[in-house]
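FYI, it's all coordinate maths here, none of it is from the lab. What you see is a predicted model, and the numbers here were worked out from it, not measured in a lab. Note: ideal-geometry Cβ built from the backbone for every residue, glycine included; neighbour counts use all protein chains shown.
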Amino acid sequence: MIAAAHKSSGKTIVSTGIVAALSARGERVPVFKKGPDYIDPMWLGLAAGRSAYNLDFNTMSKAEIRTLFQTKAVGGDVSLIEANKGLFDGVAADGSDSNAALASLLGAPVVLVVDTKGMTRGIAPLLRGYLEFDADIQIAGCILNKTGGSRHESKLRQAVETYTDLQILGAVGTAPEMDIIERHLGLTTPVDALKAQAFIRDVGTRIAQSVDLDRLLAIARSAPDYTDADPAVAPQTVSRKLRIGIASDEAFTFYYPDDLEAFEAAGAELVPVDMIRDTALPDLDGLFIGGGFPEVHAAALAANASMRESVRSGLIAGLPTYAECGGLMYLCRSLEWKGMTHSMVGFFNADIVMHDKPQGRGYVRFVPQSSALWPSTRNELCAHEFHYASLEKLAYPTFGRRVMRGYGINGKHDALVKHNTQAGFIHLRHSAQMPWVTDFLEFVSATRAHAAVTKTSS
């Protein structure tokens, strides 16, 4: 596990560089991210040449986490988990959902990335505190990040070697070209970064020159083996092959790979739809529009009037549709950002306004309402949200979720329901406690079957 003392220490850039450097050496590197996140896994996945998977205590049981980790690590030479925020950070006061708890659950040795900017001898008490805070966590080494030159690095090394037994695996100097441009939702997505693959190769080269990869591999391979993970839950297969459109372009990129795999495992065919370039929806049984950055691509989305009309007409005609966050924004009447307003699909009678500060962020809990398209017998469900958007001038809404923790659309509710479409700010994760993919596919199948019967009888 690549962790840190606090957020913005450079974990993502160092982790991505390590994966790229190891991959360049021929190592097969399964990659994982702790917690809910879409953007960091994109970078890790590009560097590894494979999908990155999220390990999240909020939506997954410990057994599910172990099973997913072990399943996706099969065939790899060394697995890398990027932590979230600081090593001991989490929502639970007892640390039961922290990065450290995940490292303990998986038996993963920890390498700390330390942001050394403005620090010299002070690194010693910081590291000693982390080493002594929880003796069950194996902190096996550290990487000095953002060092200011050879003299600065020398002082840091002297302090670490004098006051701790922690091995220094490398030092990465401050370099503007190593930075991934910040954006309002965190790090920018690879689809927006100029020449992302070239950037990743450059970062990998820099890390290979700065970090002792052989010692890092030795630490990783000291992790214990385990084979007691529970078997994966077999997905329920839908009664017939369903064609599910999935918005796949620069504006909509926030999808969990195991959610998409759950669609296919259940027998559905995922059909990519480019909302920016395609002129109309293809023949579909259902539609899934995930999150992303529609505000950044609002002009291009607005310019594709034929697709907007195709989506609007399809939803009015009853096409079963599920949309999250950016997908909800796209289905509204207009989108305002940075003084510009662009027309969207207009299916929901509401306008989207982007703000400078988050309107909802973090873990959420909600209760499905009877109006939801796929009502659940389960009690409170866990998910997450992160949006800078609000809905304005919302007329006569029907909501499918009552929010118990978080904000959703208005602080009390989420998930607009209209015809056969459900759209909200909350992001779902397919898991045993919330098998939303199966539920959605069952709804699609039932809707299409009902339509077929109605057509035959008429």
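Sequence-ordered 3J(HN,Hα) estimates for region 321-330 from the Karplus curve with 6.51, -1.76 and 1.60 and θ = phi - 60° stand at 9, 10, 9, 10, 6, x, x, 4, 4, 5 Hz, glycine and proline given as x.
Here's the picture: a label point sits 7 Å out from the Cα of ASP225 along the beta-carbon direction, and within region 17-32 the residues with their amide nitrogen under 19 Å of it are 28-30. For region 325-458, the residue among GLY327, ALA395, PRO435 whose Cα projects farthest onto the positive side of the dipole built from Cβ charges is PRO435. Among beta bridges identified by DSSP and lying wholly in region 237-359, the antiparallel ones come to about 30 percent. Amide H to amide H, with H built 1.01 Å from N, ILE139 comes under 5 Å of VAL110, counting only residues 5 or more places away or on other chains.
Looking at this model, which pairs from LYS33/LYS393; LYS85/LYS418; LYS62/LYS412; LYS72/LYS412 are more than 32 angstrom apart at the alpha-carbon?
Details: LYS33/LYS393 37 Å; LYS85/LYS418 38 Å; LYS62/LYS412 30 Å; LYS72/LYS412 37 Å.
Check vs 32 Å cut-off fails for LYS33/LYS393; LYS85/LYS418; LYS72/LYS412.
3J(HN,Hα) along region 101-117, derived from phi through the Karplus expression 6.51 cos²θ - 1.76 cosθ + 1.60 where θ = phi - 60°, amounts to 5, 5, 4, 5, 4, 9, x, 8, x, 10, 10, 8, 8, 10, 6, 9, 4 Hz, with x in place of Gly and Pro.
Treat every Asp and Glu Cβ in region 242-457 as -1 and every Lys and Arg Cβ as +1, leave all other atoms uncharged, and give the resulting dipole magnitude about the Cα centre to the nearest 20 debye.
Details: 19 positive and 23 negative charges, 161 e Å.
Using only the charged Cβ atoms, the result is roughly 780 debye.
Taken about its Cα centre, the chain carries a charge dipole of roughly 540 debye when the Cβ of each Lys and Arg holds +1 and the Cβ of each Asp and Glu holds -1.
Estimated from helices alone, the mean residue ellipticity of the chain at 222 nm is -10000 deg cm²/dmol (sum of -39500 (n - 2.57) over DSSP H runs with n ≥ 4, per residue).
Can you give the FRET efficiency to the nearest 0.05 for VAL91 and ARG215, using r as the Cβ-Cβ distance and R₀ = 41 Å?
Working: r = 33 Å, r/R0 = 0.81.
E(calc), rounded to 0.05, equals 0.75.
If you take every DSSP beta bridge whose two residues both sit in the chain, what share of them, in percent to the nearest 5, is antiparallel? Numbers along the way, then the final one.
Numbers: 31 of 72 bridges.
Roughly 45 percent of the DSSP beta bridges within the chain come out antiparallel.
When DSSP beta bridges are restricted to pairs lying wholly in region 242-457, around 60% turn out antiparallel. For ALA4, the residues whose amide H sits under 5 Å from its own are LEU87, VAL113, ignoring neighbours fewer than 5 places away on the same chain, with H placed 1.01 Å from N.
Take the Cα of PHE133, step 7 Å toward its Cβ, do the same at HIS355, and the gap between the two points is 3.1 nm.
For region 433-441, 3J(HN,Hα) computed residue by residue from phi via the Karplus equation (6.51, -1.76, 1.60; θ = phi - 60°) reads 6, 8, x, 5, 4, 4, 4, 5, 5 Hz, glycine and proline entered as x. Against the chain, whose longest principal axis is taken from its Cα atoms, helix 305-316 shows a tilt of about 70°. Counting Lys +1, Arg +1, Asp -1, Glu -1, what net charge surrounds LEU328 among other residues with beta carbon under 14 Å of its beta carbon? Residues close to LEU328 contribute a combined charge of -3. For ILE426, the residues whose amide H sits under 5 Å from its own are CYS325, ALA415, ignoring neighbours fewer than 5 places away on the same chain, with H placed 1.01 Å from N.
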